[in-house]
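Asks: Okay, here's the structure, questions in a sec.
The values are calculated or read from the model by the stated rules, or taken from the named source; none is laboratory data. Note that this is a predicted model, so its numbers are computed, not measured. Glycine gets a Cβ as well: all are built from the backbone with ideal geometry, and neighbour counts include every protein chain shown.
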Amino acid sequence: MKVLSLIASLFIRALHATLRVRHVHVENIEKTPQYIVAFWHAHLLLMLHSRYRRPITVMISQSKDGEYIARVFDWYGVDSARGSSTRGGSAALRDLIRAAREGKNIVFTPDGPKGPARIAKDGVVYAAQATGLPVVPIAFAAKKKSCSVRGTAWSSRTRSHAPSSCTASRSSCRAMATRRNGGKRSSSA
């Protein structure tokens with residue numbers, strides 16, 4: 001398992017080295033001292049190279065695949081809380097809340113591995129309510145350079161200055177306020 005996770009982490013680093021990365025709205029992460037990162041499960045592969053502040057703890061499922069992912073994250077210095085919406089989720093959520101209270105940033109993939117894709121489950125909201133931390137959604141996008149554009153083919157006499165592949169990691173900070181009184185508005189105003 002250790003050798004396989006090392007190979008996977010080296011593959012991810014090599015893949016990242018072939019990309020031109022552009023971070024969009026990174027100031028939303030840099031100006032916030034502690035936060036909850038949320039990104040869709042499909043964006044997992046290169047999120048290890050996003051701009052996030054360490055120390056960080058990630059919720060990872062208790063499945064065999066989750067074990068591989070947790071060992072790869074170990075190579076990046078990322079801690080893990082094991083559990084998901086289907087098994088061990090409440091214990092992992094408690095671990096994440098405890099980590100946040102110790103000063104760590106925490107990470108969720110709110111749609112989880114079993115989906116439905118891009119439909120957030122409640123765990124990230126519960127964590128935000130319990131800790132009072134803002135949720136910072138992050139996305140990853142990639143664009144392949146078109147080989148049919150003039151000047152992009154390897155045999156072309158006129159070379160394009162467009163990058164061979166381009167990625168963008170975008171972060172924004174939308175969910176800042178959370179209520180600790182169970183979601184009910186207080187009548188004092």
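Asks: Just to check your reading of the model, which residue among A130, A120, A139 is assigned to a helix (DSSP H, G or I), touching a residue at least 24 places away in the same chain (Cβ under 8 Å) and among the small types (G, A, S)?
Replies: A130 is the lone residue from the list that is assigned to a helix (DSSP H, G or I), touching a residue at least 24 places away in the same chain (Cβ under 8 Å) and among the small types (G, A, S).
Asks: Also, quick follow-up: Is it true that A38 is in contact (Cβ under 8 Å) with a residue 12 or more places away in the chain, aliphatic (A, V, I, L, M), surrounded by fewer than 18 Cβ atoms within 10 Å (Cβ to Cβ) and under 24 Å from G112 (Cβ atoms)?
Replies: Judged against the criteria, A38 is not a match.
Quick grid of which residues meet (1) assigned to a helix (DSSP H, G or I); (2) free of Cβ contacts under 8 Å to residues at least 60 places away in the same chain; (3) out of contact with any helix residue (DSSP H, G or I) (no Cβ under 7 Å at 6 or more places or on another chain):
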position	(1), (2), (3)
I7	yes, yes, yes
H16	yes, yes, no
N28	yes, no, yes
M59	no, no, no
G66	yes, yes, yes
G77	no, yes, yes
A100	yes, no, no
P113	no, no, no
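Asks: Does R94 meet the test of being within 23 Å of V136 (Cα to Cα) and either at pLDDT 90 or above or assigned to a helix (DSSP H, G or I) (or both)?
Replies: Yes.
Asks: Take A70 and decide whether it is in a strand (DSSP E or B), touching a helix residue (DSSP H, G or I) at 6+ places or on another chain (Cβ under 9 Å), aliphatic (A, V, I, L, M) and under 22 Å from A14 (Cα atoms). Give the steps one after another, and end with the answer.
Replies: On the way: in a strand (DSSP E or B): no; touching a helix residue (DSSP H, G or I) at 6+ places or on another chain (Cβ under 9 Å): yes; aliphatic (A, V, I, L, M): yes; under 22 Å from A14 (Cα atoms): yes.
It is false that A70 is in a strand (DSSP E or B), touching a helix residue (DSSP H, G or I) at 6+ places or on another chain (Cβ under 9 Å), aliphatic (A, V, I, L, M) and under 22 Å from A14 (Cα atoms).
Asks: Residue check: is T86 in contact (Cβ under 8 Å) with a residue 12 or more places away in the chain, of a type outside the set (A, V, I, L, M, F, W, C) and surrounded by 14 or more Cβ atoms within 10 Å (Cβ to Cβ)?
Replies: The answer is no for T86.
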